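A quick write-up on the structure given underneath.
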Amino acid sequence: MKKKTMPTLRDFVEGIGKASTIIRCDCRDMIAFTGDLTLTLLFICRHPGKIRWRETLYYMDLCGSQALPIVLMICYLMGLILGFQAAVQMQKFGTEIFVADLVGFSILKELGPLMVAMIATGRAGSAFAAEIGTMKVNEEIDALSTMGLSPMRFLVVPKMLAMLVTMPVLTVFGDVAGLLGGMTVGVTMLDLPMVVYYNRTIEVLSPTVFNLGLVKSVVFAFLIAAIGCMRGFQSENDAQGVGRATTSAVVTSIFWVVVADAILTMLFSVLGF
Amino acid sequence: MSVQQTDKKIVEVTNLTVGYGKNVVLRDINFSVNTGEIFVILGGSGCGKSTLLKHLIGLYQPFVGDVLIFGENIVTAGETQKSLLMRRFGVTYQSGALFGSLTLAENVALPLEEYTRKSPAEIDTIVREKLRLVDLSGFEDYLPAEISGGMKKRAGLARAMALDPTLLFFDEPSAGLDPITSAELDRLILRLRRELDTTIVIVTHELDSVFTVSDRVIMLDDDTKGIIAEGTPEALRKHSANPWVREFLNRSNMKRKQA
Ligand SMILES: Nc1ncnc2c1ncn2[C@@H]1O[C@H](COP(=O)(O)OP(=O)(O)OP(=O)(O)O)[C@@H](O)[C@H]1O
Ligand SMILES: [Mg+2]
């Protein structure tokens, strides 16, 4: 029988060792999966006829059109909150008009893509993991392989394509909603005329700012779809396994989306955008 | 052993040891299946029948050993070669393994769409014919979630047969079927062999169908993690040296007498 004792230094070192092994395996799996996925995507580029269009459209509907209301609402509220917080501070200095700058830059460069990514993680990433995990339990993945059909091409590519197309579009909608949220604060709380707020926004924001946000959203889309699918394939063969895979897909996606956001933000600023 | 006999072997397993992680499920398995034979893998629940089957068809990598299918080694085959090899045989799974997002007709049509140049009308004819074979006419447009477990099994059979493969693997095809459908399935299996000379490897528990269809059986054992008996079911039932084998195979007789 194991006695419960105070954790010793040895346990601590052991724990770190175990954790790093897990992280190493995880990274290795991720690299292997990405390699595999890249090969399949290259194959698809050379043989566009092999794309499963019907599935792709289905996932575009699932991840795109159906997510639009929630994206609009969350982004509008984000703009509103951001505008309010900025307004409180700016009013102290009598520089209310800068609320437009702050909201505009934050939404387009950061919060638009990020909020859409968070929503997509919760809706699409988890759904992908659960779907593929369940297919694994049902031996459907085995059946695909023995029919000589690549699970990558059948299951991952449609989801990936759908996400790569819909996420930037959703981000555009999210950006607009966020700017409107900021404008709502400007017009109601700060008594700025709508046209003044509008002109200021147009004046400070450049197409580059907008495009940087879209680049981010494409990267996030790739991460969310890849991690969701990968966790599905790694799921253990039972109902709890699928549940754990789903949770893990969401947590891992959020982590990597934030890491990618940090890296991209730094990269953009180094490149002088 | 003459050259002719080796040529006739469609599946050949040598020194196969399989398992998961560090856990060995079956050790040092040797057997072969001849062309045109109906070969049955028997054994108690959890002794590794499905595991063996999945290694035969190349889904998992064995610890050691080789599996030759159509004379090609599926264990050492590269990705492309393996997938080409896999297309040449049909498999049904214990759980049916139909694609949940496709209707029954679409499930059966999938391999046809991917691997043949047939027109949609031709494919439709084949699909209807295959579904009729397994007694599922009229269910073409049902989704897998809308039919019973036994029906899923039969639809899986139809899909496995879509490309008319010369080698079929069935994992417990008759479990969960009523006696009449089960007997019909046996007749279907015999007919496939008679008309198309299909070789069929079946994992099953149904002793009735073992005696009706099988030419040869192997029996797996949990304790020794190996094959404990091999031969025709009648011979094993009467003359096996192992009392457990005789008892296992005699169960069906007891059932029949009571009925
Ligand atoms: N994916 C897996 N990972 C780890 N162990 C497994 C896995 N699948 C099966 N096993 C183990 O392998 C052993 C054999 O399982 P298998 O499914 O091959 O049995 P079976 O003979 O087909 O049983 P049944 O007649 O109930 O279908 C079992 O002890 C099981 O616990
Ligand atoms: Mg089994």
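Points worth noting:
- Each residue in segment B:128-180 was checked for being of a type in the set (A, V, I, L, M), in contact with a Leu (Cβ under 7 Å, 6 or more places away or on another chain) and either away from chain A (no Cβ under 14 Å) or within 16 Å of ligand 1 (Cβ to nearest atom) (or both), and 6 pass.
- Of all residues in segment B:15-28, those satisfying the criterion of being under 23 Å from B:Glu72 (Cβ atoms), buried (at least 16 other Cβ atoms within 10 Å of the Cβ) and away from ligand 2 (no atom under 16 Å from the Cβ) are B:Leu16, B:Thr17.
- Residue satisfying all of: in segment B:36-63; among the β-branched types (Val, Ile, Thr) and more than 13 Å from ligand 2 (Cβ to nearest atom); nearest to the other protein chains (Cβ to nearest Cβ) among these: B:Ile57
- Residue that is most open to solvent (accessible area, probe 1.4 Å) [pool: residues in segment B:77-88 that are of a type outside the set (S, T, N, Q) and more than 8 Å from chain A (Cβ to nearest Cβ)]: B:Glu79
- Single unsatisfied condition, A:Trp53 versus (1) more than 20 Å from A:Glu131 (Cβ to Cβ); (2) open to solvent by 50 Å² or more (accessible area, probe 1.4 Å); (3) within 14 Å of chain B (Cβ to nearest Cβ): (1)
- Every condition in (1) modelled with pLDDT of 90 or more; (2) away from ligand 2 (no atom under 16 Å from the Cβ); (3) part of a helix (DSSP H, G or I) is met by B:Phe99 except one, and the failing one is (3).
- Restricting attention to segment B:64-74 and to residues that are buried (at least 17 other Cβ atoms within 10 Å of the Cβ) and more than 12 Å from chain A (Cβ to nearest Cβ), the residue that is nearest to B:Gln94 (Cα to Cα) turns out to be B:Val67.
- Sole exception among (1) buried (at least 22 other Cβ atoms within 10 Å of the Cβ); (2) over 19 Å from the mean Cα position of the chain (by Cα) for B:Pro243, by number: (1)
- Candidates B:Ile57, B:Ile74: the one that is assigned by TED's automatic domain parsing to the domain that holds B:Ala175, in contact with a Gly (Cβ under 7 Å, 6 or more places away or on another chain) and at pLDDT 90 or above is B:Ile74.
- Helices (runs of 4 or more DSSP H) (entirely within segment A:89-192) containing at least 2 residues that are within 13 Å of chain B (Cβ to nearest Cβ) and crowded, with 19+ Cβ neighbours inside 10 Å: A:126-137, A:140-146, A:157-188
- Subset tally (residues that are among the aliphatic types (A, V, I, L, M) and at pLDDT below 90) for segment A:42-69: 2
- Enumeration of residues in segment B:38-56 that are assigned to a helix (DSSP H, G or I) and within 6 Å of ligand 1 (Cβ to nearest atom): B:Lys49, B:Ser50, B:Thr51
- Scanning segment B:147-177 for residues that are open to solvent by 40 Å² or more (accessible area, probe 1.4 Å) and within 14 Å of ligand 2 (Cβ to nearest atom) yields a single hit, B:Gly176.
- Residue in segment B:102-119 that is at positive phi, touching a residue at least 24 places away in the same chain (Cβ under 8 Å) and within 12 Å of chain A (Cβ to nearest Cβ) present: no
- Boolean, B:Gly19 is at pLDDT 90 or above and away from chain A (no Cβ under 14 Å): yes
- B:Lys82 meets the conditions (1) part of a loop (DSSP other than H, G, I, E, B); (2) touching a residue at least 12 places away in the same chain (Cβ under 8 Å); (3) more than 16 Å from ligand 1 (Cβ to nearest atom) in every case but one. The failed one is (1).
The values are calculated or read from the model by the stated rules, or taken from the named source; none is laboratory data. Remember, it's a predicted structure, so these values are computed and weren't measured experimentally. With ideal geometry, Cβ positions are generated from the backbone for all residues, glycine too; neighbour counts draw on all protein chains shown. SASA here: full protein model, heavy atoms, side chains in, ligands and nucleic acids out. Shrake-Rupley method; radii C 1.70, N 1.55, O 1.52, S 1.80 Å.
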